[in-house]
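J.: Could you have a look at this structure, given as structure tokens, before my questions?
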């Protein structure tokens, strides 16, 4: 009887080869991108009504970042959305709708999308 195990060579097998691609929670780059997106949306939410000063500047900076279609920087809004599998147009439309409602005098209206805190897991 032939020993089939003797024909096998020892080879190094990396975890991604054995288990497949790790989920989002195990990919540090994606966790960082999610944290950047969450921080931007939280900043916009916190400072959307700032009349002037640093808060107003931060809110406008986030609005320009979200509106930009530039993809030359790894942490550009469009690149982050593409990497995370999030529809950038949907976020832009939701923020635009939220902003119009905010300007209409109802500060209690919140965006219709919520990001769960997954960036640190």
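The values are calculated or read from the model by the stated rules, or taken from the named source; none is laboratory data. The shown structure was predicted, so the numbers you read here are calculated from the model rather than taken from an experiment. For neighbour counting, all protein chains shown are included, and Cβ atoms are generated from backbone atoms with ideal geometry for every residue, glycine included.
J.: Among the residues of region 46-55, count how many are within 18 Å of residue 101 (Cα to Cα) and surrounded by fewer than 16 Cβ atoms within 10 Å (Cβ to Cβ).
T.: 4
Every residue, every condition in (1) touching a helix residue (DSSP H, G or I) at 6+ places or on another chain (Cβ under 9 Å); (2) surrounded by 11 or more Cβ atoms within 10 Å (Cβ to Cβ); (3) assigned to a helix (DSSP H, G or I); (4) at pLDDT 90 or above, yes or no:
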{"site": "75", "(1), (2), (3), (4)": "yes, yes, no, yes"}
{"site": "78", "(1), (2), (3), (4)": "yes, yes, yes, yes"}
{"site": "92", "(1), (2), (3), (4)": "yes, yes, yes, yes"}
{"site": "105", "(1), (2), (3), (4)": "no, no, no, no"}
{"site": "109", "(1), (2), (3), (4)": "yes, yes, no, no"}
{"site": "113", "(1), (2), (3), (4)": "yes, yes, no, no"}
{"site": "117", "(1), (2), (3), (4)": "yes, no, no, no"}
